[in-house]
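**Student:** Just passing along the structure, written as structure tokens.
No value in this document is a laboratory result; all are computed from the given coordinates. Everything numeric in this text was worked out from a predicted model, so none of it was measured. We place every Cβ from the backbone using ideal geometry, glycine too, and count neighbours over all the protein chains shown.
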Amino acid sequence: MPFTNPDLRRSLLPTVDQVIRYLEMANRDNTNNIKRDVRYLMSFLQRLLEADPYLMGLVQTRKLACKSYKWNIRLPLQYKITPVEEKQLAETKTRFMRSRMLKLRDNIHDGILFSMDAVNLVWKNTPLGTMVIQKNFYDLTELDFADEPEGLMHVETLPNGNFTRTLLDPETHIITRYNPLTNRKNFIGSFMRTIMLLSYLKYYTKWDWRNLNTRHGNPSTYATYPEHLDANNAEDKKQIDAVAEMVEKLKNDAAAVFPEWVKVIFDTALKADHTNSFKLFVEAANTEMSVTLHGQNLTTEVKEGSRAAATVHDGIDDLIIVSDLSIIEDTYTAQYLRKDYQLNYGEPRNDYFEFYHIHEEQYDYESNSRALLNLMDPTTNKPIVPIKKSEVYDKIGYTQPAEGDEVL
């Protein structure tokens, strides 16, 4: 069963001391009879998505970017497919869709972002062949790295709070294990652990900002009195107290009468300073998180470098997406399609089917149009080199007219 973190029952996020304890428990190496315990850390990392809408947006954007790619299943291109294999391929695609295996992309992505994920697959003979009829999911608090490089452990929390660890069977599970720090054997948490401090500090800074707004949400109001008045003198104290009452009335009623010698000051500087400081900190934290998860600052404004900077940023983000797509492809191919083929057809003639994404080339139509003009002979208005019509339409973003279409 999933682990319930007692520290988070009455609090959205833990304290700093509790976070330090989570890291200490997760960093253990299972020696000297002291078990590594990642349950607290993983519950905290998942809770960050509830506390930080911006972080949730970054995670969703990264997942949706991969989902936007079309996909397919095929025999590896180096082999010529036979009629028998074409029939097998069609059947494989049907089982894949009927089993709704595509939904596991989110789980694989969680494995990348949180360092691990696992799904138990239940196979059964059906009229369509042997296929997945049920999927059992694990909460991230139920998983831990195994000693094997690619393996995961199932962490079962007992009623007394202790836990047991059992190796997951790769034959019955889709397992994702990812570590961006290759020199850290047991770096549990992946990218979410890397950015947790930024999100955590941003959350508690919001509460500090709220408290400041409570105290200074309206401009602070105070008065000065002549230097010769002595607060220790009874008569002078009466005058000072009278002024204090007037200030209190002004704060509550926005109206008060003061002696001519009293100077009332509305202090807005403090409010402006703490508001600006909070804004700058949040922007800096969001930028750091964006760079970690997307390789760029995901804002609508590119302040420096304009189009060139945006192009570089898009290129970096594309590389991250391609890396995620590659992990998704490898996981489906090695852990699902291989098993599906073995259960239904035995060993393949050449190789197993593979899952892949379709990378549609993105064209800069404006640049391509200018390049095409440069290829035209101004005297004949024809290209100086032979060019396929279909490629011209494709490169400039237009559809080649079909026979019978009305054209300009």
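**Student:** Hey, if you put +1 on the Cβ of every Lys and Arg and -1 on every Asp and Glu Cβ in the range 122-216, which of TYR200, ASN136, PRO159 ends up farthest toward the positive end of that dipole?
**Tutor:** So the residue we want is TYR200.
**Student:** If you build the Cα gyration tensor of the range 364-408 and take the root of 5 times each eigenvalue, what three semi-axes come out, in whole angstrom, biggest first? Numbers along the way, then the final one.
**Tutor:** Numbers: eigenvalues 80, 40, 18 Å².
Whole-Å semi-axes of the equivalent ellipsoid: 20, 14, 9.
**Student:** Another question, then. In what sequence, highest mean first, do 326-339, 55-68 appear when ranked by Cβ atoms within 10 angstrom?
**Tutor:** Ranked from most to least packed, the peptides come out as 326-339, 55-68.
**Student:** Answer with one residue from ALA402, VAL392, PHE353: the one whose Cα lies farthest towards the positive end of the charge dipole of the range 328-408, charges on Cβ with Lys, Arg +1 and Asp, Glu -1.
**Tutor:** Going by the charge dipole, the pick is VAL392.
**Student:** Just order 138-150, 372-384 by mean Cβ neighbour count inside 10 Å, highest at the front, would you? Before the final figure, lay out each step's value.
**Tutor:** Working: 138-150: 18.2, 372-384: 9.7.
The peptides rank, most packed first, as 138-150, 372-384.
**Student:** Of LYS63/LYS395; LYS93/LYS124; LYS63/LYS124; LYS35/LYS63; LYS185/LYS339, which sit over 23 Å apart, Cα to Cα?
**Tutor:** LYS63/LYS395; LYS63/LYS124; LYS35/LYS63; LYS185/LYS339
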